[in-house]
Amino acid sequence: MSDEWNRRTQLVHTGSRRSQYGEMAEAIFLTQGFAYDSAEAAEARFIKAGDDEFIYARYGNPTVRMFEERIAAIEGTEDAFATASGMAAVNGALTSMLRAGDHVVSSRALFGSCLYILEEVLGRYGVEVTFVDGTDLDQWRAAVRSGTKAVFFESVSNPTLEVIDIRAVADIAHAVGALVVVDNVFATPIFSRAVDQGADVVVYSTTKHIDGQGRALGGVICGTREFIRKTAETYLKHTGGAMSPFTAWIMLNGMVTLDLRCRAMADSALIVAQALGNDTRLSSVIFPGLASHPQHALAMEQMGSGGTIVSFDIKGGKEAAFRFMNALEIIKISNNLGDAKTIATHPATTTHQRLPQDQKDLLGITPGLIRLSVGLEDPSDLLADLMRGLSRV
Ligand SMILES: *Cc1c(COP(=O)(O)O)cnc(C)c1O
């Protein structure tokens with residue numbers, strides 16, 4: 001029945017499991033194990049656990065299961081596996097399916113830790129990875145080959161907000177039998193239609209919009225039942241990347257307001273991007289919701305929204321960017337995103353500091369670049385704060 005509900009209803013109700021007490025709020029089943037009625041029952045459960053049967057929290061837990069069912073319903077996948085962090089999800093999705101000799105094609109514009117997995121970890125175990133400019137379909141076409149097991153990309157890249165054409169890359173990948181794995185954090189589960197557009201596996205850091213208040217680290221892998229339970233779960237339950245029940249409870253509660261929050265944040269992000277669009281103190285404003293964005297049409301078709309992040313380049317480089325940040329009163333200097341609190345990040349000296357200069361140049365991570373994660377404050381207060389900052393550059 002919950003398949004027929006609309007999204008806001010699913011966000012509130014799907015996946016709820018009640019104990020014999022009929023509690024209204026989802027319970028935190030803070031238990032590592034489960035008692036069996038008999039030795040025979042224990043044996044039977046180890047042979048095959050039913051839907052409402054659990055063995056050990058590393059394999060699954062009722063509160064975690066509630067979150068998995070809710071996010072799978074929203075993403076439109078058959079199943080999901082919740083992980084301890086977004087990186088456990090990225091690593092689990094890739095490592096669980098790959099072996100020595102396999103080939104992977106990946107977009108180059110990646111979150112630093114994703115880059116570490118693709119550049120360092122996979123190579124160490126004999127997986128060959130080819131990097132491409134994710135927005136250039138010819139590069140994807142040239143890079144895939146028979147034997148390419150997976151393609152990987154962030155559907156909207158961090159921090160320069162390039163939008164990758166999921167449908168087109170999926171067609172190229174599927175032609176050689178490769179699985180399409182999408183890190184969809186910037187698109188959010190609300191604006192995502194990645195599975196409809198051809199993605200096979202969708203990965204989130206739930207630390208971002210799903211928690212939405214910057215409290216807990218978490219992640220999730222969404223996909224077919226076959227992929228989630230046979231491939232991902234088998235790997236993750238033995239290697240220890242499971243989400244804790246307490247975290248799952250936070251994420252379940254985050255889901256309840258996810259649609260409202262993402263829409264409010266995206267509305268404010270558009271207001272901010274439009275207001276900054278013609279500011280002469282900036283050399284560029286990057287927001288997929290602006291007509292000036294190179295993939296604006298694609299972003300609208302793919303997500304129906306510009307998202308909740310705005311990046312802009314302040315003239316005057318690092319010194320001007322730092323003067324801007326230090327003058328902010330409401331907006332916090334930090335490096336999370338998707339939080340209710342608006343956050344300004346200077347990628348060149350923080351999240352992407354580790355990258356060599358030529359990589360920063362290639363990815364457009366300039367000394368004046370600011371990544372703004374727009375939160376839930378009143379947009380007029382945010383604009384006043386941004387203008388306060390810009391008056392100091
Ligand atoms: C934050 C982030 C991750 C990592 O998630 P954690 O929860 O911090 O482990 C991966 N990919 C993208 C695009 C992110 O923004």
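State whether one or more residues within the range 260-269 are touching a strand residue (DSSP E or B) at 6+ places or on another chain (Cβ under 9 Å), of a type in the set (Gly, Ala, Ser), in the same structural domain as residue 6 (by TED's automatic domain parsing) and modelled with pLDDT of 95 or more. Full working, then the answer.
Initial filter on the range 260-269 (touching a strand residue (DSSP E or B) at 6+ places or on another chain (Cβ under 9 Å)): 265, 269.
Narrowing the set further to residues that are of a type in the set (Gly, Ala, Ser) leaves 269.
Now drop any that are not in the same structural domain as residue 6 (by TED's automatic domain parsing), which leaves none.
No; the residues of the range 260-269 include none that is touching a strand residue (DSSP E or B) at 6+ places or on another chain (Cβ under 9 Å), of a type in the set (Gly, Ala, Ser), in the same structural domain as residue 6 (by TED's automatic domain parsing) and modelled with pLDDT of 95 or more.
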Are any residues in the range 295-340 surrounded by fewer than 16 Cβ atoms within 10 Å (Cβ to Cβ), among the charged types (D, E, K, R) and assigned to a loop (DSSP other than H, G, I, E, B), and if so, which ones?
-> 315, 329
List, please: which pairs have Cβ atoms under 6 Å, are six or more places apart or on different chains, and start with a residue in the range 64-91 that is of a type in the set (S, T, N, Q) and end with one that is open to solvent by 20 Å² or more (accessible area, probe 1.4 Å)?
-> 77/195; 85/217
Go through the range 1-33 residue by residue and tally those that are aliphatic (A, V, I, L, M) and in contact with a helix residue (DSSP H, G or I) (Cβ under 6 Å, 6 or more places away or on another chain).
-> 4
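Considering each of 355, 363 in turn, give the residue that is at pLDDT below 95, under 20 Å from the mean Cα position of the chain (by Cα) and not assigned by TED's automatic domain parsing to the domain that holds residue 187. Explain how you work it out, then say what you get.
Details: 355 fails: under 20 Å from the mean Cα position of the chain (by Cα).
Of 355, 363, the one residue that is at pLDDT below 95, under 20 Å from the mean Cα position of the chain (by Cα) and not assigned by TED's automatic domain parsing to the domain that holds residue 187 is 363.
Can you tell me which residues in the range 158-173 are acidic (Asp, Glu), closer than 14 Å to residue 132 by Cα and away from the ligand (no atom under 16 Å from the Cβ)? Step through it out loud before you land on a result.
Just the residues of the range 158-173 that are acidic (Asp, Glu), to begin with: 162, 165, 171.
Checking which are closer than 14 Å to residue 132 by Cα leaves us with 162, 165.
165 - this is the single residue of the range 158-173 that is acidic (Asp, Glu), closer than 14 Å to residue 132 by Cα and away from the ligand (no atom under 16 Å from the Cβ).
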May I ask you to list the residues in the range 184-198 that are touching a helix residue (DSSP H, G or I) at 6+ places or on another chain (Cβ under 6 Å) and of a type outside the set (Val, Ile, Thr)?
-> 187, 189, 191, 194, 197, 198
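Which residue out of 155, 244 is crowded, with 24+ Cβ neighbours inside 10 Å, of a type outside the set (A, V, I, L, M) and within 16 Å of the ligand (Cβ to nearest atom)? Before the answer, list the steps.
Working: 244 fails: crowded, with 24+ Cβ neighbours inside 10 Å.
After applying the criteria, what remains is 155.
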Among the residues of the range 192-241, the number that are open to solvent by 30 Å² or more (accessible area, probe 1.4 Å), of a type in the set (Ser, Thr, Tyr) and within 22 Å of residue 153 (Cα to Cα) is 3
When the range 255-294 is checked residue by residue, the ones that are closer than 15 Å to residue 186 by Cα and part of a loop (DSSP other than H, G, I, E, B) are 287, 288, 289
Helices (runs of 4 or more DSSP H) wholly inside the range 25-122 that include at least 2 residues being more than 16 Å from the ligand (Cβ to nearest atom) and either open to solvent by less than 50 Å² (accessible area, probe 1.4 Å) or assigned by TED's automatic domain parsing to the domain that holds residue 219 (or both) | 39-47, 62-75
The residue from 144, 203 that alone is more than 10 Å from the ligand (Cβ to nearest atom) and not acidic (Asp, Glu) is 144
Going through (1) within 16 Å of the ligand (Cβ to nearest atom); (2) more than 14 Å from the chain's Cα centre (by Cα) one by one, residue 196 fails only at (1)
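The values are calculated or read from the model by the stated rules, or taken from the named source; none is laboratory data. This one's a predicted model, so the numbers in the text were calculated from it and none came from an experiment. Reconstructed Cβ throughout: ideal geometry from the backbone, glycine too, with neighbour counts over all protein chains shown. The protein model used for the area step is the full one, side chains on, heavy atoms only, and it has no ligands, DNA or RNA in it. Shrake-Rupley method; radii C 1.70, N 1.55, O 1.52, S 1.80 Å.
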